[in-house]
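**Q** This is the structure, below, for whatever I ask next.
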Amino acid sequence: MGGIVENLEQVKQRIKRAALKVGRQPSEVRLVAVTKNVPVALVEQAIKAGVADIGENRAKEVLEKHSLIGDKVNWHFVGHLQRNKVKSIIGFVDLIQSVDSLRLAGEIDRQAARAGKIQDVLVEVSISGEAGKYGLSPSEVEKLLTDISRQFRHMKVRGLMAMAPLEKDPEEVRPFFSQMKTLFEESRALNLTGVEMEMLSMGMSNDFETAIEEGSTMVRIGTAIFQQIADSL
Ligand SMILES: *Cc1c(COP(=O)(O)O)cnc(C)c1O
């Protein structure tokens, strides 16, 4: 069982190998360490070991951790975001990865305007089509991007985020990732004002290599970095 430094090193090696395997530069893939339920002391260790991007999925936890850690890292909001929580996190998160409705986008734009900011966001897509999953269906993406582009001036869409269905075998989710890559390219080709399709956030602990092989530019990894250590505390 390794410590955080070893786990992180292994994850980085795996990212590198997956990228090189398909002729991509490892530097094209950004690592977001997802720290939900991970104690601040361990998050600090990860930061010392080189982590520059932190992902959280609850507003309360992001604010608590931000108050202790501050702005030495980039903060990502990766969970379902309720509209009534938007106001509290604007100004503390660099990238909201989970915009899945025009109403949520509207609230982000409104609160960003009040704070005098332009908020970077990703649009979340549910590629699995599973009931109960958050995120837009692929067919809804173009309309949301177009509406955001026309209506909002205080947010910038920087790309797409997706969660694949949980499968034991990452090969089974490969088609979902390749479908996302196609959707990402199609969205980029729309050339909308205020939309810069440059980040494709997909891949978690159990499937990130497959996601990278299919074009992910950002992986969100929790368990592979923190789990065994958190379990042993
Ligand atoms: C928890 C979580 C992750 C990380 O998942 P692991 O399997 O622990 O790597 C990534 N993305 C989102 C949205 C999450 O909630």
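**Q** Taking the condition crowded, with 17+ Cβ neighbours inside 10 Å and either on the phi < 0 side of the Ramachandran plot or at pLDDT 95 or above (or both), does Val73 pass? Explain how you work it out, then say what you get.
**A** Details: crowded, with 17+ Cβ neighbours inside 10 Å: yes; either on the phi < 0 side of the Ramachandran plot or at pLDDT 95 or above (or both): yes.
Spelling it out, Val73 is indeed crowded, with 17+ Cβ neighbours inside 10 Å and either on the phi < 0 side of the Ramachandran plot or at pLDDT 95 or above (or both).
**Q** Could you list, in sequence order, the residues of the stretch 88-123 that are hydrophobic (A, V, I, L, M, F, W, C), within 16 Å of the ligand (Cβ to nearest atom) and farther than 26 Å from Lys72 by Cβ?
**A** Taking the stretch 88-123 first, the residues hydrophobic (A, V, I, L, M, F, W, C) are 89-90, 92-93, 95-96, 99, 102, 104-105, 108, 112-113, 115, 118, 121-123.
Now drop any that are not within 16 Å of the ligand (Cβ to nearest atom), which leaves 89, 93, 95-96, 99, 104, 121-123.
Selection gives Leu104, Val123.
Residue-wise test of (1) in contact with an Asp or Glu (Cβ under 8 Å, 6 or more places away or on another chain); (2) within 29 Å of Lys12 (Cα to Cα); (3) within 13 Å of the ligand (Cβ to nearest atom); (4) hydrophobic (A, V, I, L, M, F, W, C).
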site	(1), (2), (3), (4)
Val141	no, no, no, yes
Phe177	yes, yes, no, yes
Phe184	no, yes, no, yes
Glu198	no, yes, no, no
Met204	no, yes, yes, yes
Phe208	no, yes, yes, yes
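**Q** Residues of the stretch 1-58 being exposed (fewer than 14 other Cβ atoms within 10 Å of the Cβ) and of a type in the set (S, T, N, Q), which ones?
**A** Gln10, Gln13, Gln25, Ser27, Asn37
**Q** Out of (1) surrounded by 16 or more Cβ atoms within 10 Å (Cβ to Cβ); (2) closer than 19 Å to Met199 by Cα, the odd one out for Leu104 is which?
**A** So the condition that Leu104 fails would be (2).
**Q** Is at least one residue of the stretch 146-163 polar (S, T, N, Q), away from the ligand (no atom under 16 Å from the Cβ) and within 17 Å of His76 (Cα to Cα)?
**A** Start the filter on the stretch 146-163 by keeping residues that are polar (S, T, N, Q), which leaves 146, 149, 151.
Those left that are additionally away from the ligand (no atom under 16 Å from the Cβ): 146, 149, 151.
With the extra rule that they be within 17 Å of His76 (Cα to Cα), the set shrinks to none.
So far as the stretch 146-163 goes, no, none of its residues is polar (S, T, N, Q), away from the ligand (no atom under 16 Å from the Cβ) and within 17 Å of His76 (Cα to Cα).
**Q** Of (1) within 13 Å of the ligand (Cβ to nearest atom); (2) at pLDDT below 95, Asp169 satisfies all except one. Which?
**A** All conditions pass for Asp169, except number (1).
**Q** While we're here: Mind checking which pairs have a first residue in the stretch 178-203 that is without any contact (Cβ under 8 Å) to a residue 12 or more places away in the chain and over 20 Å from Val78 (Cβ atoms) and a second that is outside any helix (DSSP H, G or I) and not hydroxyl-bearing (Ser, Thr, Tyr), Cβ under 7 Å, 6 or more apart or different chains?
**A** Arg188/Met197
**Q** Under 19 Å from Ala33 (Cα atoms) and away from the ligand (no atom under 14 Å from the Cβ): which single residue out of Thr217, Thr223 fits that description?
**A** Details: Thr223 fails: away from the ligand (no atom under 14 Å from the Cβ).
Result: Thr217 is the single residue among Thr217, Thr223 that is under 19 Å from Ala33 (Cα atoms) and away from the ligand (no atom under 14 Å from the Cβ).
**Q** Can you pull out every residue in the stretch 15-51 that is closer than 16 Å to Glu64 by Cα and not in a loop (DSSP other than H, G, I, E, B)?
**A** Let us first name the residues in the stretch 15-51 that are closer than 16 Å to Glu64 by Cα, namely 34-44.
Of everything in the stretch 15-51, those that are closer than 16 Å to Glu64 by Cα and not in a loop (DSSP other than H, G, I, E, B) turn out to be Val34, Val40, Ala41, Leu42, Val43, Glu44.
**Q** Okay, next question. Being away from the ligand (no atom under 16 Å from the Cβ) and either touching a His at 6+ places or on another chain (Cβ under 6 Å) or in a helix (DSSP H, G or I) (or both) is the filter here, so list the residues in the stretch 52-79 that pass it.
**A** Within the stretch 52-79, the subset away from the ligand (no atom under 16 Å from the Cβ) is 52, 63-64, 66-73.
Correct list: Leu63, Glu64, His66, Ser67, Leu68, Ile69, Gly70, Asp71, Lys72.
**Q** From the list Arg83, Arg114, Arg150, which residue is under 15 Å from Val195 (Cβ atoms) and either at pLDDT below 95 or surrounded by fewer than 17 Cβ atoms within 10 Å (Cβ to Cβ) (or both)?
**A** On the way: Arg83 fails: under 15 Å from Val195 (Cβ atoms); Arg114 fails: under 15 Å from Val195 (Cβ atoms).
Testing whether each residue is under 15 Å from Val195 (Cβ atoms) and either at pLDDT below 95 or surrounded by fewer than 17 Cβ atoms within 10 Å (Cβ to Cβ) (or both) leaves just Arg150.
**Q** Select from the stretch 116-140 the residues that are aliphatic (A, V, I, L, M) and more than 17 Å from the chain's Cα centre (by Cα) and write down the one among them that is farthest from Ser101 (Cα to Cα).
**A** Start the filter on the stretch 116-140 by keeping residues that are aliphatic (A, V, I, L, M), which leaves 118, 121-123, 125, 127, 131, 136.
In the following step, the residues that additionally are more than 17 Å from the chain's Cα centre (by Cα) were identified as 118, 131.
Values: Ile118: 18, Ala131: 16 Å.
It comes out as Ile118.
**Q** Could you tell me how many of the residues in the stretch 135-180 are part of a loop (DSSP other than H, G, I, E, B), over 23 Å from Glu209 (Cα atoms) and of a type outside the set (S, T, N, Q)?
**A** In the first step, residues of the stretch 135-180 are kept if they are part of a loop (DSSP other than H, G, I, E, B); the result is 135, 137, 152-154, 164-169.
Imposing the further condition that a residue be over 23 Å from Glu209 (Cα atoms) reduces the set to 137, 152-154.
Filter once more, keeping what is of a type outside the set (S, T, N, Q): 152-154.
So the count comes out to 3.
The values are calculated or read from the model by the stated rules, or taken from the named source; none is laboratory data. What you see is a predicted model; the values in this text were computed from it and never measured. Positions of Cβ are generated from backbone atoms using ideal geometry, with glycine treated the same way; all protein chains shown enter the neighbour counts.
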